[in-house]
Amino acid sequence: ASLEKRGNSVENIYQSVIELSSTIEHKMIHLQKEQEAYIMPYVAAYIDAKTQDKFNSKVISSLGLLDSQVLLVAMNDALSNHPVEYAGFQKEVPKFARLLIPTWRRVLYNPRASCLEIDSIKKQ
């Protein structure tokens, strides 16, 4: 309501949120491409697989169980368009955990990530 008093209509505020969301999305895509182009090849070339696995295990264990499940859903989605990395993901993540990813997506991931969806912004 205070924004409306300053002369901003709900439509203008909504449009600003949409534009900011689009800007954030473009910047995140750019950041991901930069990481894939520069950081990932460097890590793959100079850090042995055992050290990478050890680091990944530390990250996952520091997150706790629920956050780890959310991370596995996000990793599954992020790697699904990269066949080589996805094959590694499938090799490293136990089959039982991979089978639970759709359930974790529905129960844990979607409720947390729904606020990032454009449709949810429109409803609010």
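The values are calculated or read from the model by the stated rules, or taken from the named source; none is laboratory data. Computed from a prediction, not measured in an experiment: that's the story for all the values here. As a convention, Cβ positions derive from the backbone with ideal geometry for all residues, glycine included, and neighbour counts pool all protein chains shown. Keep in mind that these areas ignore ligands, DNA and RNA; they rest on the heavy atoms of the full protein, side chains included. Shrake-Rupley method; radii C 1.70, N 1.55, O 1.52, S 1.80 Å.
A compact table of results
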quantity: Filter pass, K27 being within 17 Å of A78 (Cβ to Cβ), without any contact (Cβ under 8 Å) to a residue 24 or more places away in the chain and exposed (fewer than 11 other Cβ atoms within 10 Å of the Cβ); calculated: yes
quantity: Flag if D53 is charged (D, E, K, R), assigned to a helix (DSSP H, G or I), touching a residue at least 12 places away in the same chain (Cβ under 8 Å) and out of contact with any strand residue (DSSP E or B) (no Cβ under 7 Å at 6 or more places or on another chain); calculated: yes
quantity: Pick from segment 31-46, criterion within 18 Å of V84 (Cα to Cα) and aliphatic (A, V, I, L, M), ranking: modelled with the lowest pLDDT; calculated: M40
quantity: Helices (runs of 4 or more DSSP H) (entirely within segment 72-124) containing at least 2 residues that are modelled with pLDDT of 85 or more and more than 30 Å from E11 (Cα to Cα); calculated: 83-92, 95-104
quantity: Segment 73-108 - residue that is open to solvent by 40 Å² or more (accessible area, probe 1.4 Å) and among the small types (G, A, S) and, of those, farthest from E36 (Cα to Cα); calculated: A87
